[in-house]
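Enquirer: Dumping the structure here so I can ask a few things about it.
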Amino acid sequence: MSILPSKNSASHSNTLAIGAVFTPLEWAIFAIEKYNLFEKWLQGATIFDPTMGEGNLLEAFLKIAQDKGYDLTTLPIDNLFGVELNKQFFHNFFKKIATKYKIKLPANNFKNSDIFFCPLKNSTTSS
Ligand SMILES: C[S@@+](CC[C@H](N)C(=O)[O-])C[C@H]1O[C@@H](n2cnc3c(N)ncnc32)[C@H](O)[C@@H]1O
């Protein structure tokens, strides 16, 4: 499990400060396979992680595809969505995907924002 130290890491006290905890990629793969989510995604399901961190849950779909020998450019990446509050985690996600999978995700599907204040794509305002 990856545990990132928080900014205020309490190295001078007896308090253990724990920062963001991300789902290990292997655990995400396990869950996706257990519930057949990869097949559902290929068949048109939308995948959304509203607090995506560095996007391990989303990455797992790409990793499974890569391991199964899929041409990654043919995957339904338009159906992957995510929101993350932390700027660094958000940027690390895009960097990681570009480096490991050599694909560019649709930027409009991802927001560096607070999910509670994130405008929906097709939301309308009433006057
Ligand atoms: C426990 S981590 C999980 C990350 C990812 N879902 C995973 O399983 O690896 C929670 C993440 O939620 C983000 N987060 C917390 N509150 C949020 C909010 N209101 N809107 C968007 N992201 C938020 C944190 O910055 C952190 O990266």
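Every number in this text was worked out from the coordinates using simple rules, so none of it is lab data. Everything numeric here is computed off the predicted structure, so don't read it as measured data. We place every Cβ from the backbone using ideal geometry, glycine too, and count neighbours over all the protein chains shown.
Enquirer: Taking one equal scatterer on every alpha-carbon of segment 24-109, how large is log10 of I(q)/I(0) by Debye at q = 0.23 1/Å?
Expert: Result of the Debye calculation: -1.26.
Enquirer: Non-local amide H neighbours of residue 111 (under 5 Å, H modeled in plane, Pro and chain starts lacking H): which ones?
Expert: Sorted by chain and number, the residues that satisfy this are 82, 83, 84.
Enquirer: What ranking of 34, 104 emerges when the number of other C-beta atoms within 10 Å of each C-beta is taken as an exposure proxy, fewest first?
Expert: Final ranking by Cβ density, sparse to dense: 34, 104.
Enquirer: Let me ask something else. Which order do 70, 101, 35 fall in if you start with the one that has the fewest other Cβ atoms within 10 Å?
Expert: Ordered by Cβ neighbours within 10 Å, fewest first: 35, 70, 101.
Enquirer: Most exposed first by the Cβ proxy, i.e. fewest other Cβ within 10 Å, how do 27, 41 rank? Write out the running numbers ahead of the final one.
Expert: Details: 27 14, 41 20.
The fewest-first ordering by Cβ neighbours comes to 27, 41.
Enquirer: Express in % the proportion of alpha carbon pairs of segment 72-122 at distances exceeding 14 Å.
Expert: It works out to 55 percent of all Cα pairs.
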